[in-house]
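*Asks:* Got a structure here, written out as structure tokens. Questions coming.
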Amino acid sequence: MQTGSNAVATDLEVRPFRDEDWPAVHAIYAQGIATGSATFETEVPAFEWWMAAHPPEYRLVATRGGDVVGWVAASPVSDRCAYAGVVEHSVYVDERVRGQGIGRRLLDALIDRADASGIWTIQSGVFPENVASIEVHQRCGFRIVGTRERIGQLNGTWRDVLLIERRKP
């Protein structure tokens, strides 16, 4: 198996999320929260909230040997019709298998689904310190739009967020 940030995971399946995937998705999300560089969240949201926030067509998991090792999910940024083609996403990979191309495979699958369904912009906010996330997004065609300075607090500390987006060609 290849390792490293440029490796491509070839022994993965990327498939739609199933309810029974939630315990693994929850655990991987909690790992990301624990890093302090993945999200403003301090707790994994309730299953019902997470499901309601992310339409089924934009909830995917990566599995290896039947085990969920990563996930990606997107949600509409607004219910206004002018933003009907814009979604915001999150992507998380199990800490035991980071750097093996799993995030890239998840992002590529999300991009394929979004492009096929009329989405013209996929966006997200990434902490500037999360270099691995920035790099994988850039390899998938995302660009940094700008820095949202002191956009929110995490554990009492103001944090900047890079606004990133990928526009459908």
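*Asks:* Based solely on its DSSP helices, what 222 nm [θ] is calculated for the chain when runs of n ≥ 4 H residues each add -39,500 (n - 2.57) and the sum is averaged over all residues, nearest 500 deg cm²/dmol?
*Replies:* When only DSSP H runs of four or more count, the value is -8000 deg cm²/dmol.
*Asks:* Further question: So what are the ³J(HN,Hα) numbers for the stretch 156-163, from phi and the Karplus equation (6.51, -1.76, 1.60; θ = phi - 60°), rounded to whole Hz, Gly and Pro as x?
*Replies:* x, 10, 5, 10, 8, 9, 7, 7
*Asks:* Would you tally the net charge around Gly146, using a Cβ to Cβ cut-off of less than 14 Å, leaving Gly146 out, and scoring K and R as +1, D and E as -1?
*Replies:* Every neighbour counted, the sum reads 0.
*Asks:* Using the crude model of +1 on Lys and Arg Cβ and -1 on Asp and Glu Cβ, and no other charge, please compute the dipole size for the stretch 22-79 relative to its Cα centre, in debye to 20.
*Replies:* Approximately 220 debye in magnitude.
*Asks:* For the chain, give the percent of accessible area contributed by carbon and sulfur heavy atoms, probe 1.4 Å, rounded to a whole number.
*Replies:* Of the solvent-accessible surface of the chain, carbon and sulfur hold 48 percent.
*Asks:* Relative to the Cα centre, what is the charge dipole magnitude of the chain, using +1 at the beta carbon of each Lys and Arg, -1 at the beta carbon of each Asp and Glu, and rounding to the nearest 20 debye?
*Replies:* Dipole magnitude for the chain comes out near 540 debye.
*Asks:* Checking the a/c ratio against 1.5 first, then a/b against b/c, what shape does the Cα gyration tensor give for the chain?
*Replies:* rounded
*Asks:* Further question on the same structure: With a/c under 1.5 counting as rounded, go ahead and sort the stretch 84-169 into rounded, prolate or oblate using the C-alpha gyration tensor (a ≥ b ≥ c being the square roots of the eigenvalues; past the cut-off, prolate if a/b is larger than b/c, else oblate).
*Replies:* oblate
*Asks:* Please say if the stretch 102-151 is rounded, prolate or oblate, where rounded means a/c under 1.5 for a ≥ b ≥ c the square roots of the C-alpha gyration tensor eigenvalues, and otherwise the choice is prolate for a/b larger than b/c and oblate otherwise?
*Replies:* oblate
*Asks:* Which whole-Hz ³J(HN,Hα) couplings does the stretch 123-128 yield from phi under the Karplus relation 6.51 cos²θ - 1.76 cosθ + 1.60, θ = phi - 60°, glycine and proline marked x?
*Replies:* Running phi through 6.51 cos²θ - 1.76 cosθ + 1.60 with θ = phi - 60° gives 10, 6, x, 10, 4, x Hz.
*Asks:* Give the residue from Cys81, Trp71, Leu60 lying farthest towards the positive end of the charge dipole for the chain; charges sit on Cβ (+1 for Lys and Arg, -1 for Asp and Glu) and the dipole is referred to the Cα centre.
*Replies:* Highest projection toward the positive end goes to Cys81.
The values are calculated or read from the model by the stated rules, or taken from the named source; none is laboratory data. Keep in mind the model is a prediction, meaning the values are calculated, not measured. Neighbour counts run over all protein chains shown; Cβ positions are idealised from the backbone, glycine included. Surface accessibility is based on the protein's heavy atoms, side chains included, excluding ligands, DNA and RNA. Shrake-Rupley method; radii C 1.70, N 1.55, O 1.52, S 1.80 Å.
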